[in-house]
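Q: My questions all concern the structure below.
Rule-based calculations on the coordinates, nothing more; no lab input. Bear in mind that the values here come from a model prediction, so they are computed numbers and not experimental data. Note that we place each Cβ from the backbone using ideal geometry, even for glycine, and neighbour counts take in every protein chain shown.
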Amino acid sequence: MGRKRSRGDLPFPVAPIPSIPAISAQLAVHDVEDRLERWYGELDDWLHIWRSRDSTFYRHLPRITEQIRLMLRYADTYLPEGVLVPHLSEKRTTLARFHELLGRALSAATDPELHEEADSEFKQATTLAPEVADLWYSYVRHLILGRRIREALNEINAVELRLIQTEEESIAQQIVNWSLAYPEIGCGIRADIIKLCVALVSRVGTGLIVHCCPLPKAPGTQWQRTEILRVLWAGMQCSVPVDELLNRAGIDEATYYRWRKRYLPPQWGKDPALV
């Protein structure tokens, strides 16, 4: 790994970007997989460490991208089809993870052409392993960070509910957060998706939606659409009585149901989101 060097804006030493050595056909499959797994973790750490997109990050980014492409080529060439040992993963899943990692690296670049290439990498990852929820989430996050909200909404509305349930409350909470942050998503999301997300967040007892409800407003103050959605979705939590929610938000029952009729699809009904 070489000698570690410190970054001035990080509280810990940072290892150099790994230099991927050549892999030959004589190397055992499990050794190839072990090395690819280790290098994947190191490059993934680098993309997480450099959260501040500064000049140093952009100077290192081409090197990171180059190494990921090399790993992807090695994985495609030297890993056999089918289930791999010792990690009991499949070659297609391993390739999908590398495509997603490359997509994240390309999406961090300032060149718009590289963003288009990142789209291709994300789509290839989700095509290779459609059952892996993290890959789908990473692609939607890429779209949202790029302010492509309409495309992100289309991806969310096309998702299979089993992917949301796979990661339980983590992806469900992210979808709720996106819906609250972007009214275009919040008012256009499929009813069964948001009901499932709200129910999953509620079931684990986090109460995050309730905690996000706006404080009572002074009489005559106008409510923003995202604030109204926070109140309505909090009311869908099976653990939150409506009268408690009304007291918390400082509104009356007539206003609450008028909002439901105006902002939520009629098929949602008046019942909380039970799963």
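Q: Filter the GluC sites (Glu not before Pro) in segment 125-168 down to the DSSP loop ones having no more than 15 other Cβ atoms within 10 Å, then list what survives.
A: Here the sparse-neighbourhood loop sites are E131, E160, E168.
Q: So for I17, I194, I64, fewest C-beta neighbours within 10 Å to most, what's the order?
A: I17, I64, I194
Q: I would also like to ask the following. Report Rg/Rh for segment 27-151, rounded to two decimals, where Rg is the Cα radius of gyration and Rh the Kirkwood radius. Write out the running numbers ahead of the final one.
A: On the way: Rg = 14.6 Å, Rh = 15.0 Å.
With Rg and the Kirkwood Rh in hand, the quotient comes to 0.98.
Q: Please order C187, C197 by the number of other Cβ within 10 Å, starting at the fewest.
A: Numbers: C187 16, C197 28.
So the ranking, lowest neighbour count to highest, is C187, C197.
Q: Something else about it: Using label points projected 7 Å from each Cα along Cα→Cβ, tell me how many nm separate A181 and R147, to one decimal.
A: 1.4
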